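Okay, structure first, notes after.
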Amino acid sequence: MGKAIFDRHEAALGRNQDNEVKQVDGAVSLAPYERLVEVTTPGEGSYTITLPYLSQCPGAVFALCAINTGGGEVAIADRDDGIADLAVGDNLSAANDYVFLLNVAGLKWIVLEEVTT
């Protein structure tokens, strides 16, 4: 028998307990449990990956990594629900560009590390 789930955040985590990688190749809004993301950049143009609401995943770390150099760009956006705007230095545009983000107590996103070109 599994352990008891006490809140909705634990329930969301349980849905992705195997750390499945989310494959993204177009505009998407991430679910709170989609924390490991491989991004295919477009051949041209751009699209946006929108993070979950801060209140849905306090303390979570998200990792987004580009797996190709397609010519286009992928922006990462928050939902303007925190005490400060998300400040990613640049869009994902080349293979191995990445961003690690931390949700600080459901109040704001901070960039832990990024390599964007």
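The values are calculated or read from the model by the stated rules, or taken from the named source; none is laboratory data. Here the structure is a predicted model, which is why all the values come from computation and not from measurement. A quick note on method: Cβ atoms are made from the backbone with ideal geometry, for glycine too, and the neighbour counts reach across all protein chains shown.
Quick one: how many residues across segment 76-99 are under 15 Å from the mean Cα position of the chain (by Cα), hydrophobic (A, V, I, L, M, F, W, C) and more than 13 Å from E114 (Cβ to Cβ)?
1
Is segment 77-87 home to any residue that is β-branched (V, I, T) and modelled with pLDDT of 90 or more?
no
All but one of (1) in contact with a Phe, Trp or Tyr (Cβ under 9 Å, 6 or more places away or on another chain); (2) of a type in the set (V, I, T); (3) at pLDDT below 95 hold for T69; which doesn't?
Of everything listed in (1) in contact with a Phe, Trp or Tyr (Cβ under 9 Å, 6 or more places away or on another chain); (2) of a type in the set (V, I, T); (3) at pLDDT below 95, T69 misses just condition (1).
Out of curiosity, is N103 over 19 Å from E34 (Cβ atoms) and not small (G, A, S)?
no
Of everything in segment 76-98 that's crowded, with 17+ Cβ neighbours inside 10 Å and of a type in the set (D, E), which residue is farthest from V28 (Cα to Cα)?
Per the stated criteria, the residue is D97.
Condition test on P52, is it assigned to a loop (DSSP other than H, G, I, E, B) and touching a Pro at 6+ places or on another chain (Cβ under 6 Å)?
yes
Can you pull out the residues in segment 56-69 that are in a loop (DSSP other than H, G, I, E, B) and either among the hydroxyl-bearing types (S, T, Y) or surrounded by fewer than 20 Cβ atoms within 10 Å (Cβ to Cβ) (or both)?
P58, G59, I67, N68, T69
Counting only residues that are closer than 13 Å to A66 by Cα and either part of a loop (DSSP other than H, G, I, E, B) or among the hydroxyl-bearing types (S, T, Y) (or both), how many does segment 82-98 have?
Here the count works out to 8.
Kindly provide the set of residues from segment 28-43 that are part of a loop (DSSP other than H, G, I, E, B) and either touching a Cys at 6+ places or on another chain (Cβ under 8 Å) or surrounded by 14 or more Cβ atoms within 10 Å (Cβ to Cβ) (or both), ordered by number.
Passing the criteria: L30, A31, P32, Y33, E34, R35, T40, T41, P42.
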